[in-house]
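Trainee: I am attaching a structure below and will ask some questions about it afterwards.
The values are calculated or read from the model by the stated rules, or taken from the named source; none is laboratory data. This is a predicted model, so every value here is computed, not measured. Cβ sites come from the backbone with ideal geometry, for glycine too, and all protein chains shown count toward neighbours.
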Amino acid sequence: MTGGGASGVVVSLTTHGRRVRGVHRTIETIAAGVLRPDRLVLWLDPADHATPTGALRRLVDRGLEVHEAPAEWGPHKKYLPYCLAHAADGALLVTADDDVLYPRRWLQDLVDAHRADPTTVWAHRSRMMRLTADESALAPYQAWSYSRSSGPSFARVPIGMGGVAYPAVLQARLAEGGAGVPDLVRRTDDLWLHRHALRGGFPVGQVREVAADFPVQLGSQDSALFRTNLNGGNDHVVSRLYDPTDLELLREHARG
């Protein structure tokens, strides 16, 4: 299931509640890739960790690591506990979503992009931030189109469901923030991670010019988190997350 230390890559993901029953399908697609990670780590809420499914127990026998993390970290469990404990290890951290069925070159393509430009955060799927007509603020989230370009940009927001590769230096920056997750972003990890990248000087690139649209497990996108973030929840976060200094930098990249 893992590559035995040859790739220098760790893949990390989280799940919770009823989605635990299907996460093994996603993990199997990652394990079937042409490039296998050195470590494949799943983070669970304490209640789910105490009662793993039979499918997860079988995957542990094949090399999957399953660890407990605070339930209140929500989607931030996919990266935060790893960064707090292992940012200094120097591995490339690739996050995955718990319901996506990844193609065989998914990890290889992210790693290839990272090796070509290791100072950029690489994603398979992203949105480009847009400004209001007078450029005084960021436009509503729904106006941020899925990207049709690949070049690194500070105005590109990586979308976690496609998979995102975070360099070790950015992992260290995330670890420096400590174990807390602000209430504002408790359900919105993509935007929080983008702001960290922005302030750390890491642009975001997309592996291909057209944003990837990988298949997902049936019914998984009906979750309350997915609906809330698309139906205006992200606008509340955006208006409070980015300060005037951030906006000045984004103006150079978000026009169009």
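Trainee: Quick one: which of A254, A212 is aliphatic (A, V, I, L, M) and either more than 30 Å from D112 (Cα to Cα) or at pLDDT 95 or above (or both)?
Mentor: A212
Trainee: Just to be sure I understand, how many residues within the stretch 55-81 are farther than 16 Å from G163 by Cα and part of a helix (DSSP H, G or I)?
Mentor: 12
Trainee: Any idea which of R125, R173, R115, R156 is within 23 Å of T15 (Cβ to Cβ), charged (D, E, K, R) and modelled with pLDDT of 95 or more?
Mentor: When all the criteria are applied, what remains is R125.
Trainee: Could you tell me how many of the residues in the stretch 145-186 are among the hydrophobic types (A, V, I, L, M, F, W, C) and under 15 Å from R199 (Cα atoms)?
Mentor: Qualifying residue count for the region: 8.
Trainee: Inside the stretch 189-200, can you point out the residues that are touching a residue at least 60 places away in the same chain (Cβ under 8 Å) and of a type outside the set (D, E, K, R)?
Mentor: Passing the criteria: W192, L193, A197.
Trainee: Here's another thing I want to ask about it. Please work out which one of (1) touching a Lys or Arg at 6+ places or on another chain (Cβ under 9 Å); (2) closer than 23 Å to H194 by Cβ is the condition P81 fails and give its number.
Mentor: Here P81 meets the rest and fails (1).
Trainee: Of the residues G232, G219, G201, only one is farther than 21 Å from Y146 by Cβ and modelled with pLDDT under 95; which?
Mentor: G219
Trainee: Would you confirm whether any residue within the stretch 93-114 is part of a helix (DSSP H, G or I) and surrounded by fewer than 18 Cβ atoms within 10 Å (Cβ to Cβ)?
Mentor: Yes: the stretch 93-114 contains one or more residues that are part of a helix (DSSP H, G or I) and surrounded by fewer than 18 Cβ atoms within 10 Å (Cβ to Cβ).
Trainee: Out of L80, L35, L40, L44, which single residue is touching a Gly at 6+ places or on another chain (Cβ under 9 Å) and free of Cβ contacts under 8 Å to residues at least 60 places away in the same chain?
Mentor: Being touching a Gly at 6+ places or on another chain (Cβ under 9 Å) and free of Cβ contacts under 8 Å to residues at least 60 places away in the same chain holds for just one of L80, L35, L40, L44, which is L40.
Per-residue answers, yes or no, for (1) among the charged types (D, E, K, R); (2) more than 25 Å from L92 (Cα to Cα):
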residue: R25; (1), (2): yes, no
residue: I30; (1), (2): no, no
residue: G33; (1), (2): no, no
residue: R39; (1), (2): yes, no
residue: T51; (1), (2): no, yes
residue: R58; (1), (2): yes, yes
residue: E65; (1), (2): yes, no
residue: A69; (1), (2): no, no
residue: G74; (1), (2): no, no
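Let's see how each residue does on (1) under 27 Å from A168 (Cβ atoms); (2) surrounded by fewer than 16 Cβ atoms within 10 Å (Cβ to Cβ); (3) over 21 Å from the mean Cα position of the chain (by Cα); (4) not polar (S, T, N, Q):
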position	(1), (2), (3), (4)
V10	yes, no, no, yes
R19	no, no, no, yes
G22	no, no, no, yes
R36	yes, no, no, yes
A50	no, yes, yes, yes
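Trainee: For the stretch 1-54, give me the residue count where each residue is more than 21 Å from E72 (Cβ to Cβ) and assigned to a strand (DSSP E or B).
Mentor: 5
Trainee: Right, next: Out of the residues in the stretch 128-154 meeting the condition of being under 19 Å from the mean Cα position of the chain (by Cα) and free of Cβ contacts under 8 Å to residues at least 40 places away in the same chain, tell me which one is surrounded by the most Cβ atoms within 10 Å (Cβ to Cβ).
Mentor: W144
Trainee: In the stretch 114-157, what count of residues is obtained for those that are touching a Phe, Trp or Tyr at 6+ places or on another chain (Cβ under 8 Å) and of a type outside the set (A, V, I, L, M, F, W, C)?
Mentor: Number of matching residues: 8.
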